[in-house]
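Reviewing the structure listed below.
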Amino acid sequence: MSLFDDAAEERRAAHAPLADRMRPRALDEFAGQPQLVGEGAALRRAIEEDRVSSSIFFGPPGTGKTTLARIIAASTQSAFEELSAVSSGKADVQAVIGRARERLGAQGRRTVLFIDEIHRFNKTQQDALLPVVESGLVTLIGATTENPFHSIIGALVSRCRLYEFEGHSHDDLQAVLERGTAALGAPSAGPEVLAAIAATAAGDARHALSTLELAHEHAISRGEGSISEQDVEEAVRRRPVRYDRDGDRHYDTISAFIKSVRASDPDAALYYLAVMLEGGEDPVYIARRIAILASEDIGNADPRALELAVACARVVELVGLPECRYALSQATAYLALAPKSNAAATSLGAALDAVRAHATARPPAALRDASYRGAQQLGSGVGYRYPHDAPGGFVADDHLPPELAGSQLYQPSEHGLEAKLAERLRELRRLRSGEVR
């Protein structure tokens, strides 16, 4: 590195964002993630004993994945090579591997290869990492905000240790912000202001420090001696929502939404609806899930739920955002409070099992199509009894194929309107079996 490079680096560091200037350089300075680097934690012991193996760090942004990778490289006296999967390709990886091989041969020094956003590498690029990881030529540390089981090839996952990073706690963020305030100097920030900043960060230390820096600049521009909550509001207009439309947050949130409605918890269901809407979820997708819920988890316990779900989907189509949110909210609350029955799903499942077990079964001859010439010669339609001509509009014949005669596939619940259907079904089955009271 030349004198000009040194000078440029010094100036860059002086003008770098606060989050970069505050980045911990040693393990004892690292904030949060006690499950990974707290006293006695497995990863901490591996770092201290210089035996860190290739790893995948996954979790939300701003939780210390890059910082910890750099601390590992410094702690183990390894060379540190950093790539971003967003801007790097296979040639960049091969160049790093070449330098690592030369470094190991000439100096006996190992290399930590840190790849940020590793899930952005395609399969071929990830495949290129397998031989060097397996041989130990480099210690790979990949960072991703995605679930590695979904976004990284299985062969690479199996060769790496997985470490999950969690969003920083409120206390951890306050501690980070106190250090940031000291680094910035006047104007200062009181505990209430720091708490307000921490509340906007959604567990993201980088976001918290960026907000602090902007609020600090805003306070200076107003000539104030301390940062106010008004400065914080100016610095961040909208809290970040942890949500992605095609990743874990998407699936976890819709799963929680469905299970909250199923459990008749409207408060939780509306909360998860709000998370999806605030995170930019497609309202059409939400309306589809609501329609599925209406049949799968409510069914005939309250048939009006399906009517409301269909109406909600129509409103979403006609009106769109933002006004269609109210229809989604209305339908969510109604479905959550409606009586529940999964009989539509379980009964269909039983019917499908019967079909698979009796694949060649045919309807009884009396029920077969008799509309064509010669049908009666084949016995089709012969003996059919028209229910509307029978007393009470009911005939006691068994309409299932002979192999399944007497099967009871529909098992209604005793909830809501379906309880009345269950009572009628019991009476009809009694009559059909020939049972006499």
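The values are calculated or read from the model by the stated rules, or taken from the named source; none is laboratory data. Only a predicted model underlies this, so the values are computations on that prediction, with no experimental measurement involved. Note that each Cβ is placed from the backbone with ideal geometry, even for glycine, and that neighbours are counted across all protein chains shown.
Looking at Glu178, is it at pLDDT 85 or above, in contact with a Gly (Cβ under 7 Å, 6 or more places away or on another chain) and either buried (at least 18 other Cβ atoms within 10 Å of the Cβ) or acidic (Asp, Glu) (or both)?
It is false that Glu178 is at pLDDT 85 or above, in contact with a Gly (Cβ under 7 Å, 6 or more places away or on another chain) and either buried (at least 18 other Cβ atoms within 10 Å of the Cβ) or acidic (Asp, Glu) (or both).
Filter region 256-311 down to residues that are closer than 15 Å to Ala333 by Cα and in contact with a Gly (Cβ under 9 Å, 6 or more places away or on another chain), then give me how many there are.
4
Please verify whether Ala338 is surrounded by 14 or more Cβ atoms within 10 Å (Cβ to Cβ) and more than 29 Å from Ser413 (Cα to Cα), treating the condition exactly as stated.
Numbers: surrounded by 14 or more Cβ atoms within 10 Å (Cβ to Cβ): yes; more than 29 Å from Ser413 (Cα to Cα): no.
It is false that Ala338 is surrounded by 14 or more Cβ atoms within 10 Å (Cβ to Cβ) and more than 29 Å from Ser413 (Cα to Cα).
Can you find even one residue in region 41-49 that is touching a Lys or Arg at 6+ places or on another chain (Cβ under 7 Å), aliphatic (A, V, I, L, M) and modelled with pLDDT of 85 or more?
First, pick out the residues of region 41-49 that are touching a Lys or Arg at 6+ places or on another chain (Cβ under 7 Å): none.
Among the residues of region 41-49, not one is touching a Lys or Arg at 6+ places or on another chain (Cβ under 7 Å), aliphatic (A, V, I, L, M) and modelled with pLDDT of 85 or more, which makes the answer no.
Kindly indicate which of Val316, Val310 is of a type outside the set (Gly, Ala, Ser) and in contact with a helix residue (DSSP H, G or I) (Cβ under 6 Å, 6 or more places away or on another chain).
Working: Val310 fails: in contact with a helix residue (DSSP H, G or I) (Cβ under 6 Å, 6 or more places away or on another chain).
Testing whether each residue is of a type outside the set (Gly, Ala, Ser) and in contact with a helix residue (DSSP H, G or I) (Cβ under 6 Å, 6 or more places away or on another chain) leaves just Val316.
If only one of Ile290, Ile254 is at pLDDT 95 or above and closer than 30 Å to Leu417 by Cα, which one is it? Working first, answer last.
Numbers: Ile254 fails: at pLDDT 95 or above.
Selected residue: Ile290, the only one of Ile290, Ile254 that is at pLDDT 95 or above and closer than 30 Å to Leu417 by Cα.
Going through region 352-379 one residue at a time, which ones are within 51 Å of the chain's Cα centre (by Cα) and surrounded by 15 or more Cβ atoms within 10 Å (Cβ to Cβ)? Explain how you work it out, then say what you get.
Taking region 352-379 and keeping what is within 51 Å of the chain's Cα centre (by Cα), we get 352-364, 367-369.
Selection gives Ala354, His358, Pro364, Leu367, Arg368.
Say whether the condition of being within 30 Å of Ile290 (Cβ to Cβ), in contact with a Phe, Trp or Tyr (Cβ under 6 Å, 6 or more places away or on another chain) and either among the charged types (D, E, K, R) or not assigned by TED's automatic domain parsing to the domain that holds Val261 (or both) is met by at least one residue in region 338-345. If you could, list the steps in order and put the result at the bottom.
Narrowing region 338-345 to residues within 30 Å of Ile290 (Cβ to Cβ): 338-345.
Those still in the list that are in contact with a Phe, Trp or Tyr (Cβ under 6 Å, 6 or more places away or on another chain) too: none.
Checked against the condition, which is being within 30 Å of Ile290 (Cβ to Cβ), in contact with a Phe, Trp or Tyr (Cβ under 6 Å, 6 or more places away or on another chain) and either among the charged types (D, E, K, R) or not assigned by TED's automatic domain parsing to the domain that holds Val261 (or both), region 338-345 yields no hits at all.
Among the residues in region 77-91, are any of a type in the set (D, E, K, R), outside any strand (DSSP E or B), farther than 30 Å from Ala202 by Cα and in contact with a helix residue (DSSP H, G or I) (Cβ under 7 Å, 6 or more places away or on another chain)?
Narrowing region 77-91 to residues of a type in the set (D, E, K, R): 81-82, 90.
With outside any strand (DSSP E or B) added as a condition, the list becomes 90.
Now narrow it down to the ones that are farther than 30 Å from Ala202 by Cα: 90.
From the residues that got through so far, the ones that are in contact with a helix residue (DSSP H, G or I) (Cβ under 7 Å, 6 or more places away or on another chain) too are 90.
Among the residues of region 77-91, at least one is of a type in the set (D, E, K, R), outside any strand (DSSP E or B), farther than 30 Å from Ala202 by Cα and in contact with a helix residue (DSSP H, G or I) (Cβ under 7 Å, 6 or more places away or on another chain), which makes the answer yes.
Suppose we filter Glu178, Glu134, Glu192 for residues that are touching a Leu at 6+ places or on another chain (Cβ under 8 Å) and without any contact (Cβ under 8 Å) to a residue 60 or more places away in the chain; which single one remains? Full working, then the answer.
On the way: Glu134 fails: touching a Leu at 6+ places or on another chain (Cβ under 8 Å); Glu192 fails: touching a Leu at 6+ places or on another chain (Cβ under 8 Å).
On inspection, the qualifying residue turns out to be Glu178.
Taking region 22-62, which residues are in contact with a helix residue (DSSP H, G or I) (Cβ under 6 Å, 6 or more places away or on another chain), of a type in the set (D, E, K, R) and not in a loop (DSSP other than H, G, I, E, B)?
Arg44
For region 121-139, what are the residues that are buried (at least 21 other Cβ atoms within 10 Å of the Cβ), farther than 15 Å from Arg161 by Cα and not aliphatic (A, V, I, L, M)?
Answer for region 121-139, where residues must be buried (at least 21 other Cβ atoms within 10 Å of the Cβ), farther than 15 Å from Arg161 by Cα and not aliphatic (A, V, I, L, M): Phe121, Gln126.
Which pairs turn up if I take residues in region 296-322 that are on the phi > 0 side of the Ramachandran plot and look for partners that are outside any helix (DSSP H, G or I) and crowded, with 22+ Cβ neighbours inside 10 Å with beta carbon separation below 6 Å, at least 6 apart in sequence or on another chain?
Listed pairs, sorted by first residue: Gly299/Ser341.
Looking at Ser78, is it outside the structural domain of Gly185 (by TED's automatic domain parsing), surrounded by 12 or more Cβ atoms within 10 Å (Cβ to Cβ), closer than 30 Å to Ser151 by Cα and modelled with pLDDT under 85? Before the answer, list the steps.
Numbers: outside the structural domain of Gly185 (by TED's automatic domain parsing): yes; surrounded by 12 or more Cβ atoms within 10 Å (Cβ to Cβ): yes; closer than 30 Å to Ser151 by Cα: yes; modelled with pLDDT under 85: yes.
Taking the combined requirement at face value, the residue satisfies it.
Please indicate, with yes or no, whether at least one residue in region 140-160 is in a strand (DSSP E or B), under 16 Å from the mean Cα position of the chain (by Cα) and surrounded by fewer than 21 Cβ atoms within 10 Å (Cβ to Cβ).
Looking through region 140-160, none of the residues is in a strand (DSSP E or B), under 16 Å from the mean Cα position of the chain (by Cα) and surrounded by fewer than 21 Cβ atoms within 10 Å (Cβ to Cβ).
For region 132-168, which positions are at pLDDT 90 or above, under 30 Å from Ser210 (Cβ atoms) and among the hydroxyl-bearing types (Ser, Thr, Tyr)?
Within region 132-168, Thr144, Tyr163 meet the criteria.
Tell me yes or no: at least one residue of region 402-421 is buried (at least 16 other Cβ atoms within 10 Å of the Cβ), of a type in the set (Asp, Glu) and part of a helix (DSSP H, G or I).
yes
Determine whether Gln94 is surrounded by 16 or more Cβ atoms within 10 Å (Cβ to Cβ) and either part of a helix (DSSP H, G or I) or small (Gly, Ala, Ser) (or both). Spell out the reasoning first.
Values: surrounded by 16 or more Cβ atoms within 10 Å (Cβ to Cβ): no; either part of a helix (DSSP H, G or I) or small (Gly, Ala, Ser) (or both): yes.
Against the criterion (surrounded by 16 or more Cβ atoms within 10 Å (Cβ to Cβ) and either part of a helix (DSSP H, G or I) or small (Gly, Ala, Ser) (or both)), Gln94 does not qualify.
Any residue in region 380-390 that is surrounded by 13 or more Cβ atoms within 10 Å (Cβ to Cβ), in contact (Cβ under 8 Å) with a residue 24 or more places away in the chain and farther than 20 Å from Asn300 by Cβ?
Just the residues of region 380-390 that are surrounded by 13 or more Cβ atoms within 10 Å (Cβ to Cβ), to begin with: 380-382, 384.
Still in the running and in contact (Cβ under 8 Å) with a residue 24 or more places away in the chain: none.
Taking every residue of region 380-390 in turn, none turns out to be surrounded by 13 or more Cβ atoms within 10 Å (Cβ to Cβ), in contact (Cβ under 8 Å) with a residue 24 or more places away in the chain and farther than 20 Å from Asn300 by Cβ.
Checking Arg206 against (1) loosely packed, with under 15 Cβ neighbours inside 10 Å; (2) of a type in the set (Lys, Arg); (3) within 27 Å of Val275 (Cβ to Cβ), which test does it fail?
With (1) loosely packed, with under 15 Cβ neighbours inside 10 Å; (2) of a type in the set (Lys, Arg); (3) within 27 Å of Val275 (Cβ to Cβ) applied to Arg206, the lone miss is (1).
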